[in-house]
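Down below is the structure, laid out as structure tokens.
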Amino acid sequence: MKHLPNLLTLANLFCGCIAIAYFLTAQPYTSMNIGEGGLPTWQWVYGAEQMYMGSIFIGIAALCDLLDGFTARALKVFSPIGKDLDSLADIVSFGVAPAVVLFKFLWDALMGEKNAFDVNMLGMAPAFLVACFAALRLAKFNIAASEQKSYFIGMPVPAVGIFVGSFPLLVWFSPPFVSHLMATCLQNKWSIYLIIAILCWLMVSRIKFLKMVPAKWNITSAWPQYTLVVLSAISVPFLQVGAVPFGFILYILLSLIYKQAVVAENDL
């Protein structure tokens, strides 16, 4: 049982790798079939299914990431290996995988421009800044983890991964107004560049973000967590998958208005 947390961490990493594989194959390609008379025929195969399957595997990776922490605390199993392994898994599942999502959407946006044939790969390269800043965020956390008892300094990397990982699902499985808004936003390269810049800044900022497991479960200390869970749950019937970005924005707002006096009290 003592190896269960590390096994869940490896499951997180495994799902992140599968997600990346799905995203990388999510593009139109040709497939050859042998028709009547043994003559080959070619047809286009589109990769929409691969995109949302990749999103699902990011979600499974997030679940494994949540469970490995719970099991480690329940079994009272803590080790430097587990800490480092968790960061290595997170950089793949919530750093590289969402960077590939943004890369694919940038590719689609640039291919829709008039000069599509002249597009340079460097135009899509900013997507991988998300992975770079996620690595920096995790490295800073590993050094200062003991100082962050009831909050995170900088946006947690899994939150960024879940947010970006929801983009394909938002385009295909959400109410029409949400789907149209996301499709319009993700078809514009400047909108994607702006999303990348904001996410990178949030990860290395000095903003104190809430931990979803508070130090105390009383209303005085845990009201932001309760508010986030309740409002996000209420939004699901109306926004469907759109509840993910709604919860993400709500998480930022609640973190910003969370009184520093409460944070200091929890740290005592």
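The values are calculated or read from the model by the stated rules, or taken from the named source; none is laboratory data. All of these numbers come straight from a predicted model, not from anything done at the bench. Quick reminder, even Gly has a Cβ in these numbers, built from the backbone with ideal geometry, and neighbours come from all protein chains shown. To get the accessible areas, we keep the full protein, side chains included, count just its heavy atoms, and leave off ligands, DNA and RNA. Shrake-Rupley method; radii C 1.70, N 1.55, O 1.52, S 1.80 Å.
Some points to look at:
- 3J(HN,Hα) couplings calculated from phi for the range 170-177 with the Karplus curve 6.51 cos²θ - 1.76 cosθ + 1.60 (θ = phi - 60°) are, in sequence order, 5, 6, 9, 10, 8, x, x, 5 Hz; Gly and Pro show x.
- The calculated FRET efficiency for V236 paired with N115, based on their beta-carbon distance and R0 = 51 Å, is about 0.80.
- Rolling a 1.4 Å probe across the protein heavy atoms gives the chain an accessible surface of 54 Å² per residue.
- The long axis of helix 4-24 is offset from the longest Cα principal axis of the chain by roughly 30 degrees.
- Debye intensity ratio in log₁₀ form over the Cα atoms of the range 173-256, taken at each q of 0.15, 0.21, 0.22 Å⁻¹: -0.70, -1.08, -1.11
- Residue pairs, from the table K104/K211; K104/K140; K2/K140; K104/K208; K2/K211; K2/K83, whose Cα atoms sit over 20 Å apart: K104/K211; K104/K140; K2/K140; K104/K208; K2/K211
- Computed from the C-beta positions of L122 and A21, the FRET efficiency with R₀ = 22 Å rounds to 0.35.
- Kirkwood hydrodynamic radius of the chain, Cα pairs, Å: 20.0 Å
- Charge context of I60, other residues only, Cβ under 15 angstrom, K/R +1, D/E -1: -3
- Carbon and sulfur %, accessible surface of the chain computed with the full protein complex present, 1.4 Å: 72 percent
- Segment K216..F177, full-extension length gain: 10.2 nm, with 0.36 nm per residue of separation and the alpha-carbon distance subtracted.
- Rounded to 10°, Cα long-axis angle of helix 189-204 versus longest principal axis of the chain: 20 degrees
- With the simple model of a label 7 Å out from the Cα in the direction of the Cβ, D108 to R73 spans 3.7 nm.
- Cut-off 15 Å between beta-carbons: net charge of the residues surrounding Q50, Lys and Arg +1, Asp and Glu -1: -1
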